Amino acid sequence: MPTPRGWIVAAGGAVLLAAGALLGYAELAVLGGVAVLAVLAAVAFVLLTPPARATVTRTVTATRLRPGTSTRVRIAVGDSGTTRRRRPGRLTERIADADGARSAAFRIVGESGEVGYDLTAERRGVVELGPARIGGADPLGLARWRRRRGGTDRVWVHPRWQALRTLPVGAAPDPDGTLDGVRGSGLTFHALRDYVPGDEARHVHWLSTARRGRLTVREYADTSHPRLTVLVDDRATPAGRGGLDAVADAAGSVMVTAVRAGVECEAHLLSGRGADTSAGLPPLLDLLAEARPDRAADLPAACARVRDRAVGDAVVLVSGALTAADLRAFAELGSRFPALVAAIVGPEVPASASGVTVVHGENAAEFADRWNEAPWAR
């Protein structure tokens with residue numbers, strides 16, 4: 001297609017051609033015709049000459065960042081075309097983050113080359129890089145071509161977390177920390193489930209097997225290690241994404257503290273997605289980076305899922321605002337978990353509920369201070 005220069009030349013040529021024809025000036029008509037033909041020839045050159053078989057390879061130094069940090073992105077362009085092919089002279093990289101999509105343009109010198117830029121993480125979220133577009137123009141710059149090349153890469157921007165002094169369960173990360181609410185070691189009955197090949201015969205529950213008509217076994221949970229479940233409130237609120245950022249910061253602080261203290265931790269968004277420490281800390285923080293306000297998120301439904309599936313010593317619900325009804329629904333988990341904590345990060349003064357410890361801070365920093373000052377059981 002024509003470039004801006006090509007459109008100007010074509011429009012000027014058309015005006016000169018029309019003026020020469022109307023006024024009887026052959027010179028103007030010839031000049032206008034040459035201009036129009038030059039643009040048409042440039043378009044034909046771009047359409048008829050095949051593009052180079054260029055390859056685009058992107059390398060990202062670090063794929064997980066914290067707000068305010070940067071990573072280096074390098075894009076290598078390889079050209080295996082011949083001299084009769086159009087070679088790329090320009091590369092455009094698409095960068096989409098929490099604030100929208102933008103483009104970064106680079107000039108490619110020679111048959112192939114490498115370009116790069118520093119990607120700075122502005123706020124929590126996921127940054128999608130690519131796909132890249134390569135292109136070029138005819139020798140006069142009157143027409144251009146573009147082709148999409150390469151795939152996409154993702155960079156996770158984790159929340160701003162800070163280590164807390166202690167937890168309602170498990171080991172604290174400092175020498176003065178204590179173990180709060182940890183039960184004795186060993187295997188504890190958790191639930192009944194259908195038999196699967198490999199289950200031990202001594203775990204078969206014969207009474208339930210006779211009643212249900214199929215083999216049923218006892219499932220046990222290892223209580224020798226403390227466990228922590230974190231519920232992250234990703235419901236859509238008037239605070240929008242900024243409010244969820246503060247919630248993610250607080251939830252990240254709880255998760256990092258748990259993992260560093262050797263406490264098994266699993267996290268669940270109210271909208272349904274979850275992660276655990278089976279692959280370490282990154283999946284937990286990735287989950288927080290990917291969290292977006294979700295109108296379908298439901299607190300009672302999330303509590304029901306945790307009550308049916310999870311086992312552990314404590315549940316921490318992190319939210320920007322909780323009503324009395326929310327806290328009552330959360331308090332129903334008290335029959336399964338020894339400790340329930342509602343961590344609220346926002347300006348509203350929270351309600352209270354029996355059996356739930358409420359920790360409130362207007363922002364993530366104040367929340368951390370209030371958490372460290374809380375009278376956890378010793």
**Asked** Identify, please: which residue in the range 245-286 is assigned to a helix (DSSP H, G or I) and without any contact (Cβ under 8 Å) to a residue 24 or more places away in the chain and is, among those, surrounded by the fewest Cβ atoms within 10 Å (Cβ to Cβ)?
**Response** SER278
**Asked** When you scan the range 222-242, how many residues do you find that are at pLDDT below 85 and surrounded by 15 or more Cβ atoms within 10 Å (Cβ to Cβ)?
**Response** 2
**Request:** Evaluate the range 246-255: report whether one residue or more is assigned by TED's automatic domain parsing to the domain that holds THR323, out of contact with any helix residue (DSSP H, G or I) (no Cβ under 7 Å at 6 or more places or on another chain) and among the polar types (S, T, N, Q).
**Result:** no
**Prompt:** When only residues in the range 143-168 that are assigned to a loop (DSSP other than H, G, I, E, B) and in contact with a Leu (Cβ under 9 Å, 6 or more places away or on another chain) count, which is surrounded by the most Cβ atoms within 10 Å (Cβ to Cβ)?
**Reply:** LEU167
**Message:** Out of everything in the range 1-36 that is without any contact (Cβ under 8 Å) to a residue 12 or more places away in the chain, over 46 Å from the mean Cα position of the chain (by Cα) and assigned to a helix (DSSP H, G or I), what residue ends up being farthest from ARG147 (Cα to Cα)?
**Reply:** LEU23
**Message:** Just to check your reading of the model, which residue among ALA191, ALA171 is among the aliphatic types (A, V, I, L, M), modelled with pLDDT under 80, more than 28 Å from PHE367 (Cα to Cα) and not assigned by TED's automatic domain parsing to the domain that holds ALA343?
**Reply:** ALA191
**Request:** Return the pairs, sorted by first residue and then second, in which the second residue is at pLDDT below 80, the first residue lies in the range 44-62 and is more than 19 Å from THR92 (Cα to Cα), the beta carbons are less than 9 Å apart, and the residues are 6+ apart or on different chains.
**Result:** PHE45/ARG86; THR49/ARG84; THR49/ARG85; THR49/ARG86; PRO50/GLY81; PRO50/ARG84; PRO50/ARG85; PRO50/ARG86
**Test: GLY242 is without any contact (Cβ under 8 Å) to a residue 24 or more places away in the chain, farther than 19 Å from LEU340 by Cα and either assigned by TED's automatic domain parsing to the domain that holds GLY346 or in contact with a strand residue (DSSP E or B) (Cβ under 9 Å, 6 or more places away or on another chain) (or both)** = yes
**Prompt:** What about ALA26, is it surrounded by 13 or more Cβ atoms within 10 Å (Cβ to Cβ) and among the small types (Gly, Ala, Ser)?
**Reply:** no
**Asked** Based on what the data block shows, is ARG328 among the charged types (D, E, K, R), free of Cβ contacts under 8 Å to residues at least 60 places away in the same chain and surrounded by 14 or more Cβ atoms within 10 Å (Cβ to Cβ)?
**Response** yes
**Fill in**
Apart from one, (1) modelled with pLDDT of 90 or more; (2) surrounded by fewer than 18 Cβ atoms within 10 Å (Cβ to Cβ); (3) among the basic types (Lys, Arg) all hold for ARG124; the odd one out is (2)
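The values are calculated or read from the model by the stated rules, or taken from the named source; none is laboratory data. Owing to the predicted nature of the structure, the values given are computational and were not obtained by experimental measurement. Heads up, the Cβs are rebuilt from the backbone with ideal geometry, glycines too, and the neighbour counts pull from every protein chain shown.
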